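Visitor: One structure follows; several queries about it will come next.
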């Protein structure tokens, strides 16, 4: 492992060089020979009743010129090249229309359109996540799904991205609090999942220290996203580290797609209030677009303090009928939620916890050049307050954290260049509720990337080539890492390429390879190969082989933090002194059997979570076969079967797994022949008392001090397999039925585990069966409504100190809206309609019902 301070400066320099390149490109684009242009304007209405349609995409075929209709259904396309042009009108759920017009220089031509309802067909959906380039979802060489705009709109009122993604086949979504979600695919979920890479306009949303996402930190509401898609399966061949189980690709619209102003106000149960503002416009004769987003959210939480004896047990009693699944009544936290107080250790919290609060703001500028390229600059910040996250060392409350970010991109027909920055700053201490320790993080990620694509052999083939540089800077001020490992800067480098070629018109072959090297891991090669057979434009069968890798995060490498309150072994020592081993302890001062060479006492044995600098990267090899197709013009089906093998997977925090911290040894004052007996007696007593973590984790640190240590290790290999099904049926024009079913072979998973060490606990952390069903109505009168049901099997959970069972659940969500006019829409959403109180991961909060309402205005 290599690290040095000057490497961080290189990240800044690379970003500045890129900005210079973009500026040069912008100057080139601006100085290109001007072409005579005109304007196209018009309106779009619905065929059934002549009502103006809001948000219809209107573009000039073969160019990057596009816009969308406003609240009156009108649009304007400026700077359209003169001559014959085709104007394309598209809106999901309506049949598209192409109109030919003749544009004259400095003149305005009118092109009106009337759209007719049509079932959503797979052939209409375009995705980028599978190949890092636009393609029809039917042709994509991966298991990929798209979240529809209607689902994003209904979930946006709740502010919960997980609700929108949980409907997709193969996706694991666990919720801990109001806004704490962990999203995964294909098993081995965790309380801080990072096996799925999450991108927003190409920017990695992960926090540098943990590599996981804060879903409550999105810089805009869900309904303001242009598209959300998820590619499942290993994806490192194109995306590199941590695209281990899939990629969530979120794309925001540019200003031309959302012209005008939109304001949304909402609120409801848990004293929820939210407000969101978006404004976008065009200036400079259509050359420059701008978009501004701002918002505020506040609510109470489902999360409760667990400082009192039995608090956690009583919290979970209402979520399960099996008393054997309840946590120990003695499992307590030493710190209450912010805003509450306690009378002492083991006493319940009093007072009201502080509300959750999120504030965000962002701005974007786009320059539309004559040669078709677009230069975008955007940035902003999100502040999150008081959310509680479940981690391997226990629950952590983020009192106040800020995530600033910035991005610049230059997109043209044959290349894309981008540079971005994502930061994470704890404005007030994060607090470990289990230990009371303050946890700080000031971190930043800088990334520069370039990609080009070219077609060849009369467009039968396409080549995508790219390279990137990334720099991580992390400083925890000694609260999460030892000072010798802290305040560090680490670099990574990559190069990748993908070739697609149509062997025959119906058969496409895809190969890809990526090379990654970094300060924190050895060089990695990630290959990919696929065959996609499309007998008709609406049907395809694919065979895929992928490899991916996941780098241990900073916590897994370098963590040094308290994992709980110190353990009191005074009674254990007293019992040993009263046993036949007592005479052998005569040379050990009373109260110091479990002390160390540097001091301490048996009444305060520290409980520590420590990293493992010797960890290797996790690797996965995956094989898949899939089918996508429109069965009729009103129904589609997707089927994906997968099997994968994971090597060197990194465990969550466990006792006794890191060989650096061996079993506890008796003090030097204990006679040598008796020492092994004393050590065995200590472990036996702890096991008999049910203190498994102490029994396996009791050790001596390098300075001789006694401690209970939990750490990480690479734990051999395991195989996974499963089936993912998705379908949709347009029953009638107004009513649609969608669903998904996922089978994960948990028995096969457990049978295929190889190489576990003593003390390892490994569960797939996903149910064997899960399903989603939804019935949606969208009427011509402006009324829309949906009922969605999610059904989850019960399953075992093991992640760090949290090991238990998650009960089965059946959750019903309902949403409805009424478009009063194109300027006003009222809406309502109910999550967990029947208030089935369940926890979705062991250690998480019990989730109840929320009823919310809102109003959106467009002007």
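The values are calculated or read from the model by the stated rules, or taken from the named source; none is laboratory data. On a predicted model such as this, the values are computed, not experimentally measured, just so you know. Note that each Cβ is placed from the backbone with ideal geometry, even for glycine, and that neighbours are counted across all protein chains shown.
Visitor: Considering each residue of segment 126-171, count those that are assigned to a strand (DSSP E or B) and farther than 22 Å from residue 55 by Cα, and give that number.
Guide: Here the count works out to 5.
Visitor: On to the next question. Hey, any hits in segment 473-481 for a residue that's surrounded by fewer than 21 Cβ atoms within 10 Å (Cβ to Cβ), under 26 Å from residue 711 (Cβ atoms), modelled with pLDDT of 95 or more and in contact with a helix residue (DSSP H, G or I) (Cβ under 6 Å, 6 or more places away or on another chain)?
Guide: yes
Visitor: Criterion first (surrounded by fewer than 22 Cβ atoms within 10 Å (Cβ to Cβ) and in contact (Cβ under 8 Å) with a residue 60 or more places away in the chain) does residue 366 satisfy it?
Guide: In short, yes.
Residue by residue, here is whether (1) under 30 Å from residue 627 (Cβ atoms); (2) in contact with a strand residue (DSSP E or B) (Cβ under 7 Å, 6 or more places away or on another chain); (3) without any contact (Cβ under 8 Å) to a residue 40 or more places away in the chain holds:
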| position | (1), (2), (3) |
| --- | --- |
| 490 | no, yes, no |
| 498 | yes, yes, no |
| 514 | yes, yes, no |
| 517 | no, yes, yes |
| 520 | no, yes, no |
| 540 | yes, yes, no |
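Visitor: Hey, another quick one. Which condition breaks for residue 767 when tested against (1) part of a loop (DSSP other than H, G, I, E, B); (2) touching a residue at least 12 places away in the same chain (Cβ under 8 Å); (3) surrounded by fewer than 16 Cβ atoms within 10 Å (Cβ to Cβ)?
Guide: (3)
Visitor: Going residue by residue through segment 281-293, is there one that turns out to be over 19 Å from residue 422 (Cβ atoms), in contact with a strand residue (DSSP E or B) (Cβ under 6 Å, 6 or more places away or on another chain) and surrounded by 20 or more Cβ atoms within 10 Å (Cβ to Cβ)?
Guide: Yes, that holds for at least one residue.
Visitor: Take residue 780 and decide whether it is in the same structural domain as residue 819 (by TED's automatic domain parsing) and touching a residue at least 60 places away in the same chain (Cβ under 8 Å). Walk me through how you get there before you give the answer.
Guide: On the way: in the same structural domain as residue 819 (by TED's automatic domain parsing): yes; touching a residue at least 60 places away in the same chain (Cβ under 8 Å): yes.
Judged against the criteria, residue 780 is a match.
Visitor: Another question about this same structure. In this structure, is residue 742 out of contact with any helix residue (DSSP H, G or I) (no Cβ under 7 Å at 6 or more places or on another chain) and crowded, with 18+ Cβ neighbours inside 10 Å?
Guide: When the stated conditions are applied, residue 742 passes them.
Visitor: Among the numbered criteria (1) more than 30 Å from residue 502 (Cα to Cα); (2) free of Cβ contacts under 8 Å to residues at least 60 places away in the same chain; (3) surrounded by fewer than 16 Cβ atoms within 10 Å (Cβ to Cβ), which one does residue 458 miss?
Guide: (1)
Visitor: Follow-up question, since we're still on this one. Kindly evaluate residue 575 against the criterion of being in a helix (DSSP H, G or I), in contact (Cβ under 8 Å) with a residue 60 or more places away in the chain and surrounded by fewer than 17 Cβ atoms within 10 Å (Cβ to Cβ).
Guide: yes
Visitor: While we're looking at this one, here's another question. Considering only residues that are part of a strand (DSSP E or B), touching a helix residue (DSSP H, G or I) at 6+ places or on another chain (Cβ under 8 Å) and modelled with pLDDT under 95, which ones fall in segment 369-390?
Guide: The initial filter retains those residues of segment 369-390 that are part of a strand (DSSP E or B), namely 374-385, 387-390.
Applying the additional criterion that residues be touching a helix residue (DSSP H, G or I) at 6+ places or on another chain (Cβ under 8 Å) yields 375, 382, 384, 387.
Result: 384, 387.
Visitor: Same structure again: Could you pull out the residue among 720, 730, 752 that is touching a helix residue (DSSP H, G or I) at 6+ places or on another chain (Cβ under 6 Å), in contact (Cβ under 8 Å) with a residue 12 or more places away in the chain and within 30 Å of residue 626 (Cα to Cα)?
Guide: Answer to the check: 720.
Visitor: Look through 800, 747 and report the one residue that is touching a residue at least 60 places away in the same chain (Cβ under 8 Å) and not assigned by TED's automatic domain parsing to the domain that holds residue 51.
Guide: Selected residue: 800, the only one of 800, 747 that is touching a residue at least 60 places away in the same chain (Cβ under 8 Å) and not assigned by TED's automatic domain parsing to the domain that holds residue 51.
Visitor: Further question: Based on what the data block shows, is residue 285 assigned by TED's automatic domain parsing to the domain that holds residue 836 and assigned to a loop (DSSP other than H, G, I, E, B)?
Guide: yes
Visitor: Can I ask one more? Could you check segment 580-649 for strands (runs of 3 or more DSSP E) lying wholly inside it with 3 or more residues that are out of contact with any helix residue (DSSP H, G or I) (no Cβ under 7 Å at 6 or more places or on another chain) and assigned by TED's automatic domain parsing to the domain that holds residue 529?
Guide: Where strands (runs of 3 or more DSSP E) fall fully within segment 580-649 and carry at least 3 residues being out of contact with any helix residue (DSSP H, G or I) (no Cβ under 7 Å at 6 or more places or on another chain) and assigned by TED's automatic domain parsing to the domain that holds residue 529, they are 618-632, 635-647.
Visitor: Also: Identify, please: which residue in segment 419-440 is in contact (Cβ under 8 Å) with a residue 60 or more places away in the chain, over 21 Å from the mean Cα position of the chain (by Cα) and in a strand (DSSP E or B) and is, among those, nearest to residue 462 (Cα to Cα)? Don't jump to the end; show me each part of the working.
Guide: Quick first cut of segment 419-440, residues in contact (Cβ under 8 Å) with a residue 60 or more places away in the chain only: 419-422, 424, 431-437, 439.
Keeping just the survivors that are over 21 Å from the mean Cα position of the chain (by Cα) gives 431-437, 439.
Filter again for in a strand (DSSP E or B), leaving 431-432, 439.
Details: 431: 51, 432: 51, 439: 48 Å.
Filtering segment 419-440 for residues that are in contact (Cβ under 8 Å) with a residue 60 or more places away in the chain, over 21 Å from the mean Cα position of the chain (by Cα) and in a strand (DSSP E or B), the one nearest to residue 462 (Cα to Cα) comes out as 439.
Visitor: Then there's this: Regarding segment 456-467, can at least one residue be identified that is farther than 30 Å from residue 541 by Cα, in the same structural domain as residue 407 (by TED's automatic domain parsing) and touching a helix residue (DSSP H, G or I) at 6+ places or on another chain (Cβ under 8 Å)?
Guide: No, the conditions are met nowhere in segment 456-467.
Visitor: If you don't mind, there's one more thing I want to ask. Filter segment 441-488 for residues that are within 21 Å of residue 400 (Cβ to Cβ) and part of a strand (DSSP E or B) and give the result.
Guide: 442, 443, 444, 445, 473, 474, 475
Visitor: Okay, next question. Every residue in segment 394-411 that is touching a residue at least 60 places away in the same chain (Cβ under 8 Å) and farther than 13 Å from residue 207 by Cβ, please.
Guide: 394, 395, 397, 399, 407, 408, 409, 410
Visitor: Please determine whether any residue of segment 169-182 is buried (at least 22 other Cβ atoms within 10 Å of the Cβ), modelled with pLDDT under 90 and over 17 Å from residue 388 (Cα atoms).
Guide: no
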